[in-house]
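S.K.: Structure below; questions to follow.
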Amino acid sequence: EPEVTQTPSHQVTQMGQEVILRCVPISNHLYFYWYRQILGQKVEFLVSFYNNEISEKSEIFDDQFSVERPDGSNFTLKIRSTKLEDSAMYFCASSEAGVGREGRSEQFFGPGTRLTVL
Amino acid sequence: GENVEQHPSTLSVQEGDSAVIKCTYSDSASNYFPWYKQELGKRPQLIIDIRSNVGEKKDQRIAVTLNKTAKHFSLHITETQPEDSAVYFCAASMHSGGYQKVTFGTGTKLQVIP
């Protein structure tokens, strides 16, 4: 069964550095998402992406963050000038159809990248 | 924006008993409500979802109910088993045009005691 994959599984960085988290969505999916989950807390929506542009973003997704689909398979989240509070698990997700659409709208999550900012 | 409240935060039940988790949402425009199960250290996985044109949906031991007027929705797990132990998240979303944001609840840690 196809799965969303993410690399790396764990990223350690120094405060102020830039990181790029990588995701490979399921190949026939058209909608892509990034979420974050601070340890022991709820999953928080960051951004959704469709047709090579952001379709929705949360208050968390400020100028520090950017997303890109550099080729036909990868979907990346860039975090510039990382802060201690950026430490979290970052999940990528993809879906064949938009959220809530009848059929094929299930979001499949990747295994996550644990980001630790020192 | 949307706000989703979830209760209880922890729930312990004996194996074979039922478990109920309740959520409320604030945005009356929300029309899609998925539930996710997250085992320790794993990714969230969709277990059931319901749309606002439906009041109840059932899938084997799992059922979800929705009260649009009160803006409540609930997850019911019957005949609980130890493998049901996990954190469960409710969520709310609206599908309309390009809107693609899902707001999660705070999670319920379910422990099924053998």
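The values are calculated or read from the model by the stated rules, or taken from the named source; none is laboratory data. This structure is a prediction, so every number in the text was calculated from the model and none was measured. Cβ placement follows ideal geometry from the backbone for every residue including glycine, while neighbour counts extend to all protein chains displayed.
S.K.: What number goes with the only condition from (1) at pLDDT below 95; (2) surrounded by fewer than 19 Cβ atoms within 10 Å (Cβ to Cβ); (3) more than 23 Å from A:Q41 (Cβ to Cβ) that B:P82 does not pass?
M.R.: Just one mismatch for B:P82, condition (1).
S.K.: Which numbered condition trips up B:L110, out of (1) part of a strand (DSSP E or B); (2) within 14 Å of chain A (Cβ to nearest Cβ)?
M.R.: With respect to (1) part of a strand (DSSP E or B); (2) within 14 Å of chain A (Cβ to nearest Cβ), B:L110 is out only on (2).
S.K.: OK, next. In the set A:L39, A:L84, which member is surrounded by fewer than 13 Cβ atoms within 10 Å (Cβ to Cβ), hydrophobic (A, V, I, L, M, F, W, C) and within 14 Å of chain B (Cβ to nearest Cβ)?
M.R.: That would be A:L39, the only listed residue that is surrounded by fewer than 13 Cβ atoms within 10 Å (Cβ to Cβ), hydrophobic (A, V, I, L, M, F, W, C) and within 14 Å of chain B (Cβ to nearest Cβ).
S.K.: Turning to a different aspect of this structure: Of the conditions (1) within 17 Å of B:T106 (Cα to Cα); (2) within 11 Å of chain A (Cβ to nearest Cβ); (3) touching a Gly at 6+ places or on another chain (Cβ under 6 Å), B:Y32 clears all except one; give me its number.
M.R.: Unmet condition: (1).
S.K.: Hey, another quick one. Give the number of residues within the range B:6-29 that are surrounded by 13 or more Cβ atoms within 10 Å (Cβ to Cβ), in a strand (DSSP E or B) and away from every other protein chain (no Cβ under 11 Å).
M.R.: So the count comes out to 11.
S.K.: Give the residues of the range A:87-102 that are among the hydrophobic types (A, V, I, L, M, F, W, C), surrounded by fewer than 22 Cβ atoms within 10 Å (Cβ to Cβ) and either within 8 Å of chain B (Cβ to nearest Cβ) or farther than 18 Å from A:N52 by Cα (or both), sorted by residue number.
M.R.: A:A88, A:M89
S.K.: Which of the residues spanning the range A:66-89 are in contact with a Cys (Cβ under 9 Å, 6 or more places away or on another chain) and in a loop (DSSP other than H, G, I, E, B)?
M.R.: A:N74
S.K.: Sticking with this one: Please verify whether B:T24 is under 20 Å from B:G1 (Cα atoms) and either of a type in the set (S, T, N, Q) or in contact with a Lys or Arg (Cβ under 7 Å, 6 or more places away or on another chain) (or both), treating the condition exactly as stated.
M.R.: yes
S.K.: To continue, here is another question. Pick from A:S48, A:S55, A:S105: which is within 9 Å of chain B (Cβ to nearest Cβ), assigned to a loop (DSSP other than H, G, I, E, B) and either touching a His at 6+ places or on another chain (Cβ under 9 Å) or closer than 22 Å to B:A29 by Cα (or both)?
M.R.: Answer to the selection: A:S105.
S.K.: Let me ask something else about it. Regarding the range A:1-17, can at least one residue be identified that is facing chain B (nearest Cβ under 9 Å), out of contact with any Cys (no Cβ under 6 Å at 6 or more places or on another chain) and acidic (D, E)?
M.R.: Within the range A:1-17, not a single residue is facing chain B (nearest Cβ under 9 Å), out of contact with any Cys (no Cβ under 6 Å at 6 or more places or on another chain) and acidic (D, E).
S.K.: Still on this structure, please answer the following. Within the range B:52-107, can you find the residues that are away from chain A (no Cβ under 14 Å), more than 14 Å from B:F33 (Cβ to Cβ) and not in a strand (DSSP E or B)?
M.R.: Within the range B:52-107, B:Q60, B:R61, B:T69, B:T78, B:E79, B:T80, B:Q81, B:P82, B:E83, B:D84, B:S85 qualify.
S.K.: Regarding B:H7, is this residue touching a residue at least 24 places away in the same chain (Cβ under 8 Å) and farther than 18 Å from A:K42 by Cβ?
M.R.: Here the answer is no, as B:H7 does not meet what is asked.
S.K.: State all residues of the range A:23-36 that are more than 9 Å from chain B (Cβ to nearest Cβ) and out of contact with any Cys (no Cβ under 8 Å at 6 or more places or on another chain); if no residue qualifies, say none.
M.R.: Of everything in the range A:23-36, those that are more than 9 Å from chain B (Cβ to nearest Cβ) and out of contact with any Cys (no Cβ under 8 Å at 6 or more places or on another chain) turn out to be A:V24, A:I26, A:S27, A:N28, A:H29, A:L30, A:R36.
S.K.: While we're here: Scan A:K83, A:K42 and give me the residue that is of a type in the set (K, R) and closer than 20 Å to B:Q45 by Cβ.
M.R.: On inspection, the qualifying residue turns out to be A:K42.
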